[in-house]
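Undergrad: Take this structure first; my questions come after.
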Amino acid sequence: MSTLISLTGNGEWAYRLEEIAADSHLELEWIENETKLFEHLTAVAGNCVVLLPNINFVDVYSICSKISQSFSTTPILFVFESKDGFDMKRAMRAGADDVIFLDNHSSKIQEDLRHAMNKRDALQQKQPATQKNAKVITVASTKGGVGKTTVAVNLAVALAKQSKRVAIIDLDLQFGDVSLFLDASPRRTIYDWVKEDQEGKRIEEYLTLSKQGISILAAPQRPEFAEVITGNDVRRAIAALKPRFDIILIDVSSHMGEIGIVALESSDEILVMTYMDLPTLKNTKLLIETLVLLKLENRVRVVLNRQFTVKGLSINTVEQVLGLKLFATLPAKEKLMTTAANAGVPIRVSQPRSRIAKNFTNMADVFVRTDVRSSKKNPANIVTHAGGHA
Ligand SMILES: Nc1ncnc2c1ncn2[C@@H]1O[C@H](COP(=O)(O)OP(=O)(O)OP(=O)(O)O)[C@@H](O)[C@H]1O
Ligand SMILES: [Mg+2]
C-alpha cells in the first residue's frame with residue numbers, strides 16, 4: 001500500500017475519493033489541519049502524495065506553496081469539484097503537480113492518483129542516500145524518580161539545538177511520560193508499530209514530532225499493551241531508526257527487565273542517574289555492577305542529579321562509593337523543574353540561561369564530539385566533566 005494524505009473534508013466527495021483510492025490499493029489518510037499536515041510530512045520526510053481539497057476557509061494555494069518549498073519531492077494535487085473556481089496560474093505558481101476534478105470519471109481520477117504516486121516513487125529514489133548511523137544513548141537508573149526522563153528530554157532538546165536529528169524511544173513501556181514532558185500528543189506509539197509494521201519499513205509513520213523538533217517513538221497508551229513488546233522489537237526499532245537519525249535517546253523504566261537490557265546492550269553511551277542519598281547510591285552501585293557483568297562498563301557515565309550540600313557526603317565520597325568519576329552534576333531546582341514538567345516545556349527551552357540548562361548543553365557538546373569514545377587515551381570512566389561541581 002502507498003500513502004496519500006489529504007486535509008480533512010466532509011461530504012460525499014470525501015467518501016468518493018476514499019473509494020477511488022481503495023480501488024487503486026492506495027491508503028488515504030485524512031489530516032485535521034495545516035499544522036498536523038506539516039507534522040506528518042516531517043515525520044515521513046515528505047514521502048507521500050498530498051491532496052489539497054478546495055475546502056471553505058482554507059487557502060489551498062498558500063498551503064501548497066509552503067509544502068513545495070519545504071518538501072520539494074512531494075507531489076501535491078489539488079482536488080476541486082469542477083473546473084469552476086480553479087485558478088491554473090496560481091496553482092502552477094504555488095508548485096502544484098496536478099489537479100483532480102471530482103466531476104471527472106472515477107477511472108480518470110484513479111489514473112491521476114497513480115501518476116502522482118509513480119512520480120513520488122521516482123523522486124524519492126533519486127534522493128541522495130543520506131544514511132545516518134545514530135549514536136544511541138540510554139538514560140538508566142534502578143530507582144524511580146531520579147530524573148531519567150528529565151535528562152532524556154533536555155538532552156534531546158540540547159542536541160536538536162546543535163542541528164542534530166534526534167529521536168527519543170520511550171521504553172518506560174507501562175508508565176512512559178516522554179510525550180507529556182514534551183507536550184506532544186502521540187496518535188501512534190511503539191505498540192501500534194509492533195502490531196502493524198512487522199517489517200519496520202514505515203517506522204517514521206509511528207513517530208510523533210514535538211514542537212522542539214524531537215521525534216518520539218512513544219510508549220503505549222495503556223500499561224497492559226506493554227506486554228506485547230519484546231526485546232527483539234526493541235532491537236528492531238533501534239535498527240530501523242539508526243539510519244534516519246544522528247542521535248537516539250532511550251528512556252528506560254527503573255525496573256530492569258529484558259527491554260532495559262536490550263536498550264543498554266544497544267547503546268553507545270549509558271547515562272546512569274543517581275542522587276546523593278544512601279539508598280539511591282546503593283542502587284546505583286548495584287546497577288553499575290550489573291553493567292560490569294554485562295561487559296558494558298566502558299559505556300557508563302554517571303550523572304548526579306539534584307545535587308545539594310549534604311553533611312558528610314561529598315562528591316568525592318560519591319565517586320569513591322561508585323568507583324567512577326562523575327560525568328555531570330545537575331543542581332536541585334524544584335520550582336523550575338516542576339513548572340517545566342507541568343508545562344511540557346523542557347528547562348533547556350524555557351530557561352536556556354539557567355545553570356541547569358547550560359549543564360545540558362555541555363553534556364550535549366560531549367556527545368556530538370565523535371572522538372570521545374574512540375580514543376583509547378580517554379577511558380570512558382574518566383570523561384570530560386560536563387556539569388561542573390558546585
Ligand atoms: N535537578 C532537579 N531538580 C529538581 N527537580 C527535579 C530535578 N530533576 C528532576 N526533577 C523532578 O523530579 C521528578 C522526577 O523526575 P523524572 O520524571 O525525570 O524521573 P524519572 O527517573 O524519569 O522517574 P520514573 O522512574 O518515574 O520514570 C520530576 O517531577 C522532575 O521534574
Ligand atoms: Mg521517567
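The values are calculated or read from the model by the stated rules, or taken from the named source; none is laboratory data. Predicted, not measured: the structure shown is a model, and the values here were computed from it. Note: ideal-geometry Cβ built from the backbone for every residue, glycine included; neighbour counts use all protein chains shown.
Undergrad: I'm told ALA152 meets every condition in (1) modelled with pLDDT of 95 or more; (2) away from ligand 2 (no atom under 16 Å from the Cβ) except one. Can you identify the failing condition by its number?
TA: All conditions are met except number (2).
Undergrad: Residue check: is SER82 of a type in the set (Ser, Thr, Tyr), free of Cβ contacts under 8 Å to residues at least 40 places away in the same chain and not in a helix (DSSP H, G or I)?
TA: On the way: of a type in the set (Ser, Thr, Tyr): yes; free of Cβ contacts under 8 Å to residues at least 40 places away in the same chain: yes; not in a helix (DSSP H, G or I): yes.
Spelling it out, SER82 is indeed of a type in the set (Ser, Thr, Tyr), free of Cβ contacts under 8 Å to residues at least 40 places away in the same chain and not in a helix (DSSP H, G or I).
Undergrad: Something else about it: Which condition from (1) among the hydrophobic types (A, V, I, L, M, F, W, C); (2) farther than 23 Å from ASN133 by Cα; (3) under 20 Å from the mean Cα position of the chain (by Cα) is the one that ILE259 breaks?
TA: Every condition holds for ILE259 apart from (2).
Undergrad: Would you mind stating whether ASP233 is surrounded by fewer than 20 Cβ atoms within 10 Å (Cβ to Cβ) and modelled with pLDDT of 95 or more? Lay out the reasoning, then the answer.
TA: On the way: surrounded by fewer than 20 Cβ atoms within 10 Å (Cβ to Cβ): yes; modelled with pLDDT of 95 or more: yes.
Taking the combined requirement at face value, the residue satisfies it.
Undergrad: Select, from LEU41, LEU51, the only residue that is touching a strand residue (DSSP E or B) at 6+ places or on another chain (Cβ under 8 Å) and closer than 30 Å to VAL368 by Cβ.
TA: Numbers: LEU51 fails: closer than 30 Å to VAL368 by Cβ.
Exactly one residue qualifies, and that residue is LEU41.
Undergrad: Let me ask something else about it. Residues of segment 143-169 being within 11 Å of ligand 1 (Cβ to nearest atom) and in contact with a Pro (Cβ under 9 Å, 6 or more places away or on another chain), which ones?
TA: Going through segment 143-169, the residues within 11 Å of ligand 1 (Cβ to nearest atom) turn out to be 143-154.
Within segment 143-169, LYS143, THR150, VAL153, ASN154 meet the criteria.
Undergrad: Out of segment 232-267, which residues are part of a helix (DSSP H, G or I) and either within 16 Å of ligand 1 (Cβ to nearest atom) or in contact with a Cys (Cβ under 6 Å, 6 or more places away or on another chain) (or both)?
TA: In the first step, residues of segment 232-267 are kept if they are part of a helix (DSSP H, G or I); the result is 232-244, 258-265.
If the condition is that a residue be part of a helix (DSSP H, G or I) and either within 16 Å of ligand 1 (Cβ to nearest atom) or in contact with a Cys (Cβ under 6 Å, 6 or more places away or on another chain) (or both), then ILE259, GLY260, ALA263, LEU264 are the ones that fit.
Undergrad: Additional query: Are there any pairs with C-beta distances below 6 angstrom linking a residue in segment 172-201 that is free of Cβ contacts under 8 Å to residues at least 24 places away in the same chain to a residue that is of a type outside the set (A, V, I, L, M) and away from ligand 2 (no atom under 16 Å from the Cβ), with the two at least 6 apart or on different chains, and if so which?
TA: Listed by first residue and then by second, the contacts come to ASP192/TYR206.
Undergrad: A further question follows. Pick from segment 249-267 the residues that are under 22 Å from LEU330 (Cα atoms) and touching a Ser or Thr at 6+ places or on another chain (Cβ under 9 Å): which of them is modelled with the lowest pLDDT? Can you show your working first?
TA: Within segment 249-267, the first condition is being under 22 Å from LEU330 (Cα atoms), and the residues that meet it are 249-254.
In the following step, the residues that additionally are touching a Ser or Thr at 6+ places or on another chain (Cβ under 9 Å) were identified as 249-252, 254.
On the way: LEU249: 98, ILE250: 98, ASP251: 98, VAL252: 97, SER254: 93.
Out of the qualifying residues, it is SER254.
Undergrad: Which of the following residues is at pLDDT 95 or above, among the charged types (D, E, K, R) and either at positive phi or not in a helix (DSSP H, G or I) (or both): ASP183, ASP170, ASP103? Walk me through it before giving the result.
TA: Numbers: ASP183 fails: at pLDDT 95 or above; ASP103 fails: at pLDDT 95 or above.
Being at pLDDT 95 or above, among the charged types (D, E, K, R) and either at positive phi or not in a helix (DSSP H, G or I) (or both) holds for just one of ASP183, ASP170, ASP103, which is ASP170.
Rundown of residues vs (1) away from ligand 2 (no atom under 16 Å from the Cβ); (2) at pLDDT 90 or above, yes/no style:
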| site | (1), (2) |
| --- | --- |
| PHE308 | yes, no |
| SER314 | yes, no |
| PHE327 | yes, yes |
| MET337 | no, yes |
| ALA340 | no, yes |
| SER350 | yes, no |
| THR361 | yes, yes |
| ASP365 | yes, yes |
| THR370 | yes, no |
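Undergrad: Let me confirm something: among ILE31, ILE63, ILE100, which residue is in contact with a Leu (Cβ under 8 Å, 6 or more places away or on another chain) and under 11 Å from ILE5 (Cβ atoms)? I'd like the intermediate steps shown before the answer.
TA: Working: ILE63 fails: under 11 Å from ILE5 (Cβ atoms); ILE100 fails: under 11 Å from ILE5 (Cβ atoms).
Being in contact with a Leu (Cβ under 8 Å, 6 or more places away or on another chain) and under 11 Å from ILE5 (Cβ atoms) holds for just one of ILE31, ILE63, ILE100, which is ILE31.
Undergrad: Ok, one more. Looking at segment 128-142, which of its residues are in contact with a strand residue (DSSP E or B) (Cβ under 8 Å, 6 or more places away or on another chain) and either more than 21 Å from SER266 (Cα to Cα) or within 16 Å of ligand 2 (Cβ to nearest atom) (or both)?
TA: Kept after step one, since they are in contact with a strand residue (DSSP E or B) (Cβ under 8 Å, 6 or more places away or on another chain), are these residues of segment 128-142: 134-141.
Across segment 128-142, the qualifying residues are ILE137, THR138, VAL139, ALA140, SER141.
Undergrad: Pairs under 8 Å by beta carbon, first residue in contact (Cβ under 8 Å) with a residue 40 or more places away in the chain in segment 30-43, partner part of a loop (DSSP other than H, G, I, E, B) and buried (at least 17 other Cβ atoms within 10 Å of the Cβ), six or more apart or different chains?
TA: ALA43/LEU207
Undergrad: So in segment 186-230, with the set limited to residues that are under 19 Å from ASN133 (Cα atoms) and among the small types (Gly, Ala, Ser), which one is surrounded by the most Cβ atoms within 10 Å (Cβ to Cβ)?
TA: Step by step, filter segment 186-230, then rank; the result is SER215.
Undergrad: Kindly provide the set of residues from segment 200-230 that are modelled with pLDDT of 95 or more and in contact with a Pro (Cβ under 6 Å, 6 or more places away or on another chain), ordered by number.
TA: ALA218 - this is the single residue of segment 200-230 that is modelled with pLDDT of 95 or more and in contact with a Pro (Cβ under 6 Å, 6 or more places away or on another chain).
Undergrad: Which residues, counting only those in segment 322-336, are near ligand 1 (Cβ under 9 Å from one of its atoms) and either part of a strand (DSSP E or B) or surrounded by 21 or more Cβ atoms within 10 Å (Cβ to Cβ) (or both)?
TA: Our first condition is that a residue be near ligand 1 (Cβ under 9 Å from one of its atoms); within segment 322-336, this holds for 330-336.
Across segment 322-336, the qualifying residues are LEU330, PRO331.
Undergrad: Which one of these is surrounded by 16 or more Cβ atoms within 10 Å (Cβ to Cβ) and either without any contact (Cβ under 8 Å) to a residue 40 or more places away in the chain or in a loop (DSSP other than H, G, I, E, B) (or both): ALA96, ALA122, ALA116?
TA: Numbers: ALA122 fails: surrounded by 16 or more Cβ atoms within 10 Å (Cβ to Cβ); ALA116 fails: either without any contact (Cβ under 8 Å) to a residue 40 or more places away in the chain or in a loop (DSSP other than H, G, I, E, B) (or both).
Going through ALA96, ALA122, ALA116 in turn, just one is surrounded by 16 or more Cβ atoms within 10 Å (Cβ to Cβ) and either without any contact (Cβ under 8 Å) to a residue 40 or more places away in the chain or in a loop (DSSP other than H, G, I, E, B) (or both): ALA96.
Undergrad: Just the residues that are part of a helix (DSSP H, G or I) and over 28 Å from ASP268 (Cα atoms), please, taken from segment 338-366.
TA: Keep residues of segment 338-366 that are part of a helix (DSSP H, G or I), which gives 338-343, 347-350, 355-366.
Hits for segment 338-366 are THR338, THR339, ALA340, ASN342, ALA343, SER350.
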